[in-house]
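To start, the structure itself, in structure tokens.
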Amino acid sequence: MRTDSSPGNLPAREHLPAGSAGTPVLDVVIPVYNEEKDLQPCVVRLHEHLKRTFPYAFRITVADNASTDITPQVAARLESEIPEVRSFRLEQKGRGRALRTVWSASDAPILAYMDVDLSTDLNALLPLVAPLISGHSDLAIGSRLARSSRVVRGAKREFISRTYNLILRGSLQARFSDAQCGFKAIRRDVAQVLLPLIEDTGWFFDTEMLVLAERAGLRIHEVPVDWVDDPNSTVHIVKTATDDLKGVWRVGRALATGSLPLDRLARPFGDDPRDRDLTDVPKGLARQLVGFCVVGVLSTLFYLLLYSGFRSFSGSQIANALALLVSAVANTAANRRLTFGVRGRGSAVRHQAQGLVVFGIGLALTSGSLAALNAATSSPAHSTELAVLIAANLAATVLRFLLFRAWVFPDRRDETEASTVVASHNPSSNNPSSPTYGTTTAHQQHPQQLPHQQHPHTPLPQRPNATAPQAPYTNYDHSQTNEFRAGEAADRTWGDATMQLQAVRPHDHDPRDTRDAR
């Protein structure tokens with residue numbers, strides 16, 4: 001299946017569906033390990049900032065992963081004193097494990113996390129999550145390496161951070177600027193599909209998540225942040241760097257072999273359904289032409305080298321046939337993976353068999369050219385043979401691309417469009433706010449063709465004001481929140497609605513934040 005054209009398992013990106021009045025829009029997770037001193041100031045400061053600046057219901061979740069000090073008691077006390085605070089207790093260490101567990105169990109449509117030291121200025125929190133709320137982006141990250149960021153940290157950490165990001169760009173072709181900043185957010189519908197693909201449970205969790213999302217074509221929004229280094233950080237730099245390099249090798253190998261089903265993360269082209277009604281426009285043609293040309297140039301060079309080698313001990317016809325056979329197998333495999341985005345071993349034998357048929361056509365063209373050359377002159381020069389073969393291969397290349405696109409690796413979306421799995425709202429369900437996944441026709445996939453009455457729009461739940469009583473959070477069993485298994489997803493969903501963003505009060509600066517004066 002092709003990653004550039006497959007609709008995948010994610011529907012078109014839209015304004016966030018809203019849940020019941022008590023469901024928080026944002027769930028900010030704070031993973032902690034032995035943070036008995038910093039936890040309470042962090043949670044209190046974050047809670048006050050959100051109460052003052054965030055216009056929707058929110059939740060702060062403390063994810064304690066196997067702390068051995070009194071951090072669990074501090075988290076429990078905060079949970080009992082502040083209605084918007086929840087705590088989870090995990091018996092195994094690992095920041096990635098903590099984030100996977102809490103994000104999988106959360107019912108909030110926007111999931112974020114930040115480090116307990118609050119090195120990142122909280123004024124960047126609303127710009128971080130706003131593109132996810134509006135439906136513009138799938139993930140959002142804070143970047144300390146953006147030009148407009150203001151960063152205070154030592155030379156050693158600066159060097160390590162920039163070197164690590166250069167390694168990611170060189171080895172995994174990453175285009176995001178800062179993988180390690182502890183300030184990220186993701187849409188819940190994306191997390192439900194992306195989290196099962198992530199293997200790491202430690203510090204490399206962030207990088208793996210971003211690399212897979214970027215390779216799948218998801219949109220990552222970057223926010224420049226003001227960041228002040230915590231001199232008391234307990235992160236072991238050498239061990240973390242070693243684990244990160246191992247993770248880079250593992251992910252790079254998985255991407256090279258095509259073992260990751262990234263096509264399930266693909267978004268449809270365009271968020272406006274009318275963009276998907278375009279006819280007579282080949283999907284992915286430009287990218288396929290570029291990939292095919294690159295593979296073709298490399299295959300031609302490989303073929304010429306093989307031909308020159310075989311020609312030293314055999315005739316021109318035998319050398320041409322052997323060189324074309326070997327290069328054809330390599331060419332089909334390369335085009336299958338790189339040009340047409342087919343991953344895995346499924347139908348690989350059939351594709352190679354069809355490629356051999358295409359090879360036979362190319363052999364007929366090149367062999368016929370050699371026969372015509374030999375008929376014209378009894379002993380042609382080697383350079384003349386190469387020139388004739390290059391011309392014949394160019395003609396065979398054009399024909400090969402057309403056959404590959406139309407016959408060997410055809411685009412089968414049109415055949416399966418009527419049975420594409422998409423998210424649709426089922427009014428007859430027992431839970432009116434629960435989206436059901438079913439088989440729909442092509443007509444049902446375009447909401448602009450349906451009556452307006454079938455698409456009600458309600459605003460997102462607003463955060464209660466200071467004078468109103470706090471509404472309890474729904475779908476939350478307080479007695480069963482102390483322990484969750486890693487990767488255990490809560491069966492909580494939300495209904496369809498369109499978000500209506502509202503202005504935020506300009507007084508969003510924390511008067512107790514003295515970092516600006518540094």
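Of everything in the stretch 102-136, what is within 19 Å of the chain's Cα centre (by Cα), buried (at least 22 other Cβ atoms within 10 Å of the Cβ) and of a type in the set (Ser, Thr, Tyr)? Give them in sequence order.
Correct list: 113 only.
With respect to the numbered conditions (1) of a type outside the set (Lys, Arg); (2) in contact with a Gly (Cβ under 9 Å, 6 or more places away or on another chain); (3) within 16 Å of residue 95 (Cβ to Cβ), which one is the sole condition not fulfilled by residue 222?
All conditions are met except number (3).
Filter the stretch 361-384 for residues that are modelled with pLDDT under 80 and assigned to a helix (DSSP H, G or I) and give the result. If you could, list the steps in order and put the result at the bottom.
Of the residues in the stretch 361-384, the ones modelled with pLDDT under 80 are 362-363, 366, 378.
Hits for the stretch 361-384 are 362, 363, 366.
Sort out which residues of the stretch 338-353 are open to solvent by 20 Å² or more (accessible area, probe 1.4 Å) and touching a Ser or Thr at 6+ places or on another chain (Cβ under 9 Å), and write them in order of number.
343, 344, 352
Return a yes/no flag: does the stretch 211-219 have any residue that is in a loop (DSSP other than H, G, I, E, B), out of contact with any Leu (no Cβ under 8 Å at 6 or more places or on another chain) and either within 15 Å of residue 165 (Cβ to Cβ) or at pLDDT 90 or above (or both).
Keep residues of the stretch 211-219 that are in a loop (DSSP other than H, G, I, E, B), which gives 216-219.
If we keep only those that are out of contact with any Leu (no Cβ under 8 Å at 6 or more places or on another chain) as well, we get none.
No, there is no match, as no residue in the stretch 211-219 is in a loop (DSSP other than H, G, I, E, B), out of contact with any Leu (no Cβ under 8 Å at 6 or more places or on another chain) and either within 15 Å of residue 165 (Cβ to Cβ) or at pLDDT 90 or above (or both).
Which members of the stretch 137-148 meet the condition of being open to solvent by less than 20 Å² (accessible area, probe 1.4 Å) and small (Gly, Ala, Ser)?
The answer is 137, 140, 142, 143.
Criterion first (assigned to a loop (DSSP other than H, G, I, E, B), modelled with pLDDT under 90 and touching a helix residue (DSSP H, G or I) at 6+ places or on another chain (Cβ under 8 Å)) does residue 23 satisfy it? Before the answer, list the steps.
Working: assigned to a loop (DSSP other than H, G, I, E, B): yes; modelled with pLDDT under 90: yes; touching a helix residue (DSSP H, G or I) at 6+ places or on another chain (Cβ under 8 Å): no.
Spelling it out, it is not the case that residue 23 is assigned to a loop (DSSP other than H, G, I, E, B), modelled with pLDDT under 90 and touching a helix residue (DSSP H, G or I) at 6+ places or on another chain (Cβ under 8 Å).
Any residue in the stretch 98-127 that's under 17 Å from residue 206 (Cβ atoms): show its pairings with residues that are aromatic (Phe, Trp, Tyr) and at pLDDT 90 or above at Cβ separation under 6 Å, as long as the two are six or more apart or on different chains.
The qualifying pairs are 99/113; 102/88; 111/103; 114/183; 120/183.
Which condition number does residue 190 fail, the rest of (1) of a type in the set (Val, Ile, Thr); (2) closer than 28 Å to residue 25 by Cα; (3) open to solvent by 20 Å² or more (accessible area, probe 1.4 Å); (4) part of a helix (DSSP H, G or I) being met?
The failed condition is (3).
Which residue pairs have Cβ atoms under 9 Å apart, sit 6 or more places apart or on different chains, and have a first residue in the stretch 170-185 that is free of Cβ contacts under 8 Å to residues at least 12 places away in the same chain and open to solvent by less than 20 Å² (accessible area, probe 1.4 Å) and a second that is among the hydrophobic types (A, V, I, L, M, F, W, C) and in a strand (DSSP E or B)?
none
For the stretch 282-319, give me the residue count where each residue is open to solvent by 40 Å² or more (accessible area, probe 1.4 Å) and in a loop (DSSP other than H, G, I, E, B).
4
The values are calculated or read from the model by the stated rules, or taken from the named source; none is laboratory data. A quick note: this is a predicted structure, and the numbers were derived from the prediction, not measured. A quick note on method: Cβ atoms are made from the backbone with ideal geometry, for glycine too, and the neighbour counts reach across all protein chains shown. Heavy atoms of the whole protein, side chains included, go into the accessibility calculation; ligands, DNA and RNA do not. Shrake-Rupley method; radii C 1.70, N 1.55, O 1.52, S 1.80 Å.
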